[in-house]
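> Take a look at the following structure, please.
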Amino acid sequence: MEAAQIRKEEAVTRHCRLSCVAQSLIQRAPAVASKSERYAFAEGHITFGQKCRTISREVWRATLTVCQRYFAEGTSCHEVLERLIPA
């Protein structure tokens, strides 16, 4: 199977587990109920997309807060990028 470019069983198992964890985290994420006029089915309900956007906003907010702290400490832009995305 590996020779046919199919992942090892361990990798597939790990991927499935991570997918389940991600789904659980998204389901538990707080979000604001939909006010969409475009999709009547979502009116007043929290959708999967809204939860994903809420998580994304929280991650970006935390990342920007960390960057702000680094810059306040006098860290250069290059050093901040190296800390966020190490080579």
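The values are calculated or read from the model by the stated rules, or taken from the named source; none is laboratory data. Just so you know, these numbers come straight off a predicted model, no measurement behind them. Neighbour counts are summed over all protein chains in view; Cβ atoms, including those assigned to glycine, are modelled from backbone coordinates with ideal geometry.
> Could you check how many residues of segment 48-84 are among the hydroxyl-bearing types (Ser, Thr, Tyr) and either more than 24 Å from PRO30 (Cβ to Cβ) or in contact (Cβ under 8 Å) with a residue 40 or more places away in the chain (or both)?
Residues that pass the stated criteria total 3.
> Mind checking which residues of segment 1-20 are surrounded by 10 or more Cβ atoms within 10 Å (Cβ to Cβ) and modelled with pLDDT under 75?
Passing the criteria: ILE6, ARG7.
> So, of the residues in segment 30-57 that are surrounded by 15 or more Cβ atoms within 10 Å (Cβ to Cβ) and of a type in the set (A, V, I, L, M), which turns out to be modelled with the highest pLDDT?
Only one residue fits best here, namely ILE55.
> Here's something else I'd like to know. What about GLU73, is it modelled with pLDDT of 85 or more, loosely packed, with under 10 Cβ neighbours inside 10 Å and over 20 Å from the mean Cα position of the chain (by Cα)?
So GLU73 fits the description; yes.
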